[in-house]
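The block underneath contains the structure these notes are about, expressed in structure tokens.
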Amino acid sequence: MTSGPKPLIGLTTSHDIKTDETIQAPYCPRAILAAGGIPVILPLEATEDDLRQLVSSLDGFLFTGGPDVHPFLFGEDTRMGCGSVSVKRDRMELMLLKLAMEQKKPIMGICRGIQLINIGLGGTIYQDIPSQTERVFPIAHQQPFPHRVPSHTVKIAAGSLLAEVISGKPPADQPPGPTVIRVNSTHHQAVRDVAPQLTACAFAPDGIIEGVTMKDYPYLIGVQWHPEYLWEEDPAAMNLFRAFVKAAAAV
Ligand SMILES: [Mn+2]
């Protein structure tokens, strides 16, 4: 790691719509700390001016997992099978995404995060994978066992930033062909139409998109799985946090 001050990583927080409390599970903050950054939990009620100041002051932004994104935000009515939403969180995160991108700050998205980024840039998502897709071998994207145990494979496109980050090696040092890793899976929604500026670069065996990157942007990676439950034992998951924190340190 660098010897200077540690990069400050802003994290979006969970919102319990029944009690209106914000909740922060410790897994993402622990992973950021382990990767050499300092996690900073962002307030749900921050105004646009507050967020602009936070974006200027912090070095990178992690869009964390959480509930479904409201379908109106990608131009759809609410379909049967859609889950609960937080209007407050949708609003805050879309504002944060816009401001963070204006200042070209490194961005990472996890689960809801990849979907939110895709929607913010004009893409769509499946509101409910099982009822909206036909798959020959339907992967259990809501895995039936604990999050720390991987459940399906993901194929990562050769030459993509994600392949480089996951392997920790530059493209020239990677074996030819896609990189295959084992990931966990706790989602019933997923990226459907990829936003014009994004590139899908990771896929589950049933074709569901599990990773995106953005060309012509300093650093943006979204993943559909949850590396924050895997990094202690899985070098690929640790590399995702390390590369993000390193990119934030370089800002
Ligand atoms: Mn999955």
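Taking the conditions exactly as written (crowded, with 19+ Cβ neighbours inside 10 Å, of a type in the set (D, E, K, R) and at negative phi), does residue 90 satisfy them or not? Don't jump to the end; show me each part of the working.
Details: crowded, with 19+ Cβ neighbours inside 10 Å: yes; of a type in the set (D, E, K, R): yes; at negative phi: yes.
Yes; evaluated as a whole, the condition is true for this residue.
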Pairs only if they're at least six apart or on different chains, beta carbon under 7 angstrom, first in the stretch 182-203 and basic (Lys, Arg), second surrounded by 19 or more Cβ atoms within 10 Å (Cβ to Cβ) and assigned to a loop (DSSP other than H, G, I, E, B); list them, first residue then second.
182/150
How many residues does the stretch 208-233 hold that are away from the ligand (no atom under 11 Å from the Cβ), modelled with pLDDT of 95 or more and either part of a loop (DSSP other than H, G, I, E, B) or touching an Asp or Glu at 6+ places or on another chain (Cβ under 6 Å) (or both)?
7
Some residue of the stretch 113-120 being in contact with a Gly (Cβ under 8 Å, 6 or more places away or on another chain) and modelled with pLDDT under 95
no
Just one of the numbered conditions (1) closer than 26 Å to residue 251 by Cβ; (2) free of Cβ contacts under 8 Å to residues at least 40 places away in the same chain; (3) more than 15 Å from the chain's Cα centre (by Cα) is not true of residue 134; which one?
(1)
Among the residues of the stretch 164-199, write down those that are surrounded by fewer than 20 Cβ atoms within 10 Å (Cβ to Cβ), within 16 Å of the ligand (Cβ to nearest atom) and part of a strand (DSSP E or B).
180, 182, 186
Output the qualifying pairs, or none if there are none: Cβ atoms under 7 angstrom, residues six or more apart or on different chains, first residue in the stretch 95-124 and closer than 25 Å to residue 186 by Cβ, second residue among the acidic types (Asp, Glu).
110/228; 116/93; 123/193; 124/193
Kindly indicate which of 81, 65 is among the small types (Gly, Ala, Ser) and surrounded by fewer than 22 Cβ atoms within 10 Å (Cβ to Cβ).
81
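The values are calculated or read from the model by the stated rules, or taken from the named source; none is laboratory data. What you are looking at is a predicted structure, and each value in this text was computed from that prediction instead of being measured. Neighbour counts are summed over all protein chains in view; Cβ atoms, including those assigned to glycine, are modelled from backbone coordinates with ideal geometry.
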